[in-house]
Amino acid sequence: MECADDNGLWSDCIPTDILISISSRLIAGDYFVFRAVCKSWRSIPSPIHDSHALSHSNNTPCMMTLYQEIGIVEFFHPLYNAITHKTDIVPKLRGARIRSAKGNWSLMSQGKRGMLFFNHKSNDIIELPDLLEGKQNSFHAWTFSCPPDSSSSDCFVVGFENFGSPPPVYIIKVGDSRWTYHAFVNEDGDGNKLGIIDLSGCNNPVFLKNDIVYVLEEKGNLGILSIKENSAEETPTWEFYGKSLPRRKLRSVRKVYTAKDVDNGGILAVFLTHNEGKVEVWRYKYDINKRILEREQITSLDNKTLFVSFGASYLKPCVAQGLENTIYFPMFHDKNGVFYCLASRKHYSFDYSAVKGAFSSPNCHKLDQPRYCIWIEPDVSQLPSLDF
């Protein structure tokens, strides 16, 4: 191919429509390389609108962020390292706080006693009864078993108190007229005496089944809450398993994220440390036959990608080369999404506008984390182009 201007770069000679066609088939690292070729290629519109490109995204979560101060809900897609769209916060969500997410639904708290579900696809809202007087919304961790409009299973919503022997829980089954607050005697399901159980670091309880919830206790032990008789009113049972992690390790932990590990019948726990931003991943699985906890540190996600946030985390098949065995955190570097590679033990971002290269660091210092954000599973057919 010859350029009209003999002094021009070869990359400037390719017609724009061909470049758009090429870029629309690239995601993540491949798209980053494409954008890094030259200034004119970086000016090519994002491929978000392309149906071929969107087909890669069917199983990829998006980051939903509520900016209460400006009244905006923002959606960020990690494969394109871009905000796909923004919308105004509906009046009912003013002052609301995201607690958990599953499918198209997010569980939110409103004020001291209000609880509701918000559908980020349709903007539908399902209001739950107010929490009981005298037991206001001081609960740190919340979860729900399935979408509230599910026709195949009852949806249970559970909130966990920070401390207790064992900790009290709030439970409601969607459709019930009131919440049930369950306090417990100082023993587990087998009658064993318990000390104070600390769930203050538990940010994402995981429903392993529709009636069983896994929570990670502050010292690294596994708590299992079992809902009885498909009822919120029946008193659930607590069981705790495992030995506490070494005190030195516990002191170094900054944040812990948990995610359901479907293939292995347990959960993954991601430990992020204070000082160096070191990341460790542990697999927790309870052997129901032996009644013991199997806990091991792992260095591979079996070529999957993990998306973690407070309230919702997902382990997904890798959909882009270079993102296998990586963890996407709810963090940003200069508005670029950040992920951690287990192989290299470094944090990275795909900065498509960068000339000298994207972010790379062994620690996560000076990274931004929005206050009200959560990974959600989007309906890809609803993602618009970048037209704002």
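Scanning the range 69-82 for residues that are modelled with pLDDT under 85 and either out of contact with any Gly (no Cβ under 7 Å at 6 or more places or on another chain) or outside any loop (DSSP other than H, G, I, E, B) (or both) returns GLU69, ILE70, GLY71, LEU79, TYR80, ALA82. Considering each residue of the range 160-181 in turn, none proves to be of a type in the set (Asp, Glu), under 26 Å from the mean Cα position of the chain (by Cα) and within 25 Å of PRO91 (Cα to Cα). Look at (1) touching a residue at least 12 places away in the same chain (Cβ under 8 Å); (2) not in a strand (DSSP E or B); (3) not β-branched (Val, Ile, Thr) and you find that SER344 fails only one, number (1). When VAL270, VAL281, VAL256 are checked against the criterion of being open to solvent by 10 Å² or more (accessible area, probe 1.4 Å), under 30 Å from CYS373 (Cα atoms) and either in a strand (DSSP E or B) or of a type in the set (Lys, Arg) (or both), VAL256 stands alone in meeting it.
Okay, residues lined up against (1) under 27 Å from SER349 (Cα atoms); (2) open to solvent by 40 Å² or more (accessible area, probe 1.4 Å); (3) acidic (Asp, Glu):
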| residue | (1), (2), (3) |
| --- | --- |
| TYR67 | yes, yes, no |
| PHE75 | yes, no, no |
| ALA82 | yes, no, no |
| THR87 | yes, yes, no |
| LEU93 | no, no, no |
| TRP105 | no, no, no |
| GLY111 | no, yes, no |
| LEU116 | no, no, no |
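Within the range 331-343, is even one residue open to solvent by 50 Å² or more (accessible area, probe 1.4 Å), closer than 20 Å to GLU377 by Cα and at pLDDT 90 or above? No, there is no match, as no residue in the range 331-343 is open to solvent by 50 Å² or more (accessible area, probe 1.4 Å), closer than 20 Å to GLU377 by Cα and at pLDDT 90 or above. Filtered by the rule that a residue be in contact with a Gly (Cβ under 9 Å, 6 or more places away or on another chain), among the hydroxyl-bearing types (Ser, Thr, Tyr) and open to solvent by less than 30 Å² (accessible area, probe 1.4 Å), the range 120-157 gives a lone residue, THR143.
Residues that are open to solvent by 20 Å² or more (accessible area, probe 1.4 Å) and of a type in the set (A, V, I, L, M) were ranked within the range 302-319; the one that is farthest from LEU79 (Cα to Cα) is LEU315. Against the condition within 22 Å of the chain's Cα centre (by Cα) and more than 25 Å from GLY159 (Cβ to Cβ), how does GLY322 come out, does it pass? Answer is yes for this residue.
Modelled with pLDDT under 55 and either over 29 Å from PRO147 (Cα atoms) or part of a loop (DSSP other than H, G, I, E, B) (or both), is that true of ASP387? Answer is yes for this residue.
The values are calculated or read from the model by the stated rules, or taken from the named source; none is laboratory data. Predicted model, so just to flag it, every value in this text is computed and none were measured. Note that we place each Cβ from the backbone using ideal geometry, even for glycine, and neighbour counts take in every protein chain shown. Just the protein is used for accessible areas: all its heavy atoms, side chains included, with ligands, DNA and RNA removed. Shrake-Rupley method; radii C 1.70, N 1.55, O 1.52, S 1.80 Å.
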